[in-house]
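*Asks:* Take a look at the following structure, please.
Read the figures in this text as sums done on the coordinates, not as results from a lab. The model shown is predicted, which means the values in this text are computed figures rather than measured ones. For neighbour counting, all protein chains shown are included, and Cβ atoms are generated from backbone atoms with ideal geometry for every residue, glycine included.
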Amino acid sequence: MLTERQLFILQILIDDYIRTAEAVGSRTISKRKEVTFSSATIRNELADLEDMGYIEKTHSSSGRVPSEKGYRFYVDNLLSPPVLSNNDVKDIHSLFAEKMVEVEKVIQQSAKILSELTQYTSIILGPEVFETKLRQVQIIPLSKETAVVILVADSGHVENQTITIPPSVSMSDIEKVVNIMNERLKDIPLVSLKSTMMQEMATVLKKHIENYNQVNTMLDNLFLYTNAEKVYYGGKTNILAQPEFKDVEKVRLLLNTFEQDDLMYNILRPEKKGIEVRIGQENDLEAMQECSIITADYFIEGKRMGSLALLGPTRMEYHRSMSLLGFLANDLTSTLTERYRSFKHW
């Protein structure tokens, strides 16, 4: 059990190290105006905190730095209730005031603004395609040769893809295809659209579409969903600005990990609801064992749709980062829920 004085000194040391990235000594702590005890007392308390494993002595100076145990204690016990500045709140609200149509763009912009506000790498796991169902399909001709296929999911997620129209396929054929698809594919999970379209629509299309083979070729490349979730990044290279990551090999391993969407999905999906913080070796992947990852879920009508995450050094600014992540998750939940409800009334 730490004494009140030890708690006070530990919080000062961690706050200073987060801000400066420099080891903190007893002299630095004694200069703080709120500190009323001597340097000798501080040295003794620092020695005790080191013996208990909350701080470590560096090789380059007489100062100490927080250990992973110290950071964990700090996050769990010493952080005050989250409060964001008016500017942070304004920046996040401005993101959702733009009324972007596509959910993908909302999420991309969320990743971008989160990385800009924190100067860390932001990662957002997009709406889960396995649990998202088709709401409506539209095919809009762009010319005699091309059209855009628009797919709207029940979550408000929008996919679009340009296709080539074979010369023998008429606008009447396209209208019939749209009607059949909306009748047969509505409420089918997005990840199952391809197989359902080929298995259950073939007979109907043959019956109603004169140029069935050409239409089948036109539709053949649609709805190829391979991942359960999409991974969106903001500020991938922000980690390079952190003094802990001057080692090229460390950075290479981390950036290589970012390229593996399936791996990132497994790493970042929270194990429990609410804001979760994993520090250093609490992360199983070696490339991330000198990092901290903060994650939070976002929902649509109470159903988990994806996750937001911030990745930075173990020396990251936990208080502000957790506050921003939680606030953005709540705003994203509200925005996507509102959009989902509007689609339900189409």
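*Asks:* Of the residues that sit in segment 133-182 and are of a type in the set (Ser, Thr, Tyr) and free of Cβ contacts under 8 Å to residues at least 60 places away in the same chain, which one is nearest to SER192 (Cα to Cα)?
*Replies:* Only one residue fits best here, namely THR162.
*Asks:* Has segment 65-72 got any residue that is more than 15 Å from LEU328 (Cα to Cα), surrounded by fewer than 17 Cβ atoms within 10 Å (Cβ to Cβ) and either among the small types (Gly, Ala, Ser) or touching a helix residue (DSSP H, G or I) at 6+ places or on another chain (Cβ under 6 Å) (or both)?
*Replies:* No: segment 65-72 contains no residue that is more than 15 Å from LEU328 (Cα to Cα), surrounded by fewer than 17 Cβ atoms within 10 Å (Cβ to Cβ) and either among the small types (Gly, Ala, Ser) or touching a helix residue (DSSP H, G or I) at 6+ places or on another chain (Cβ under 6 Å) (or both).
*Asks:* Here's something else I'd like to know. Look at TYR17 and say whether it is part of a helix (DSSP H, G or I), within 24 Å of SER321 (Cα to Cα) and either aliphatic (A, V, I, L, M) or in contact with a Lys or Arg (Cβ under 7 Å, 6 or more places away or on another chain) (or both).
*Replies:* Yes, satisfied.
*Asks:* Determine whether LYS31 is of a type in the set (Lys, Arg), surrounded by fewer than 16 Cβ atoms within 10 Å (Cβ to Cβ), free of Cβ contacts under 8 Å to residues at least 12 places away in the same chain and closer than 26 Å to ILE123 by Cβ.
*Replies:* So LYS31 does not fit the description; no.
*Asks:* Would you say GLU56 is over 23 Å from the mean Cα position of the chain (by Cα) and part of a strand (DSSP E or B)?
*Replies:* Taking the combined requirement at face value, the residue satisfies it.
*Asks:* Could you figure out which of (1) over 19 Å from CYS291 (Cα atoms); (2) charged (D, E, K, R); (3) loosely packed, with under 12 Cβ neighbours inside 10 Å isn't true of GLU45?
*Replies:* If we test GLU45 against (1) over 19 Å from CYS291 (Cα atoms); (2) charged (D, E, K, R); (3) loosely packed, with under 12 Cβ neighbours inside 10 Å, just (3) comes out false.
*Asks:* Continuing with the same structure: Got a sec? Which helices (runs of 4 or more DSSP H) wholly within segment 151-258 have at least 1 residues that are in contact with a helix residue (DSSP H, G or I) (Cβ under 9 Å, 6 or more places away or on another chain) and of a type in the set (Asp, Glu)?
*Replies:* 171-185, 193-200
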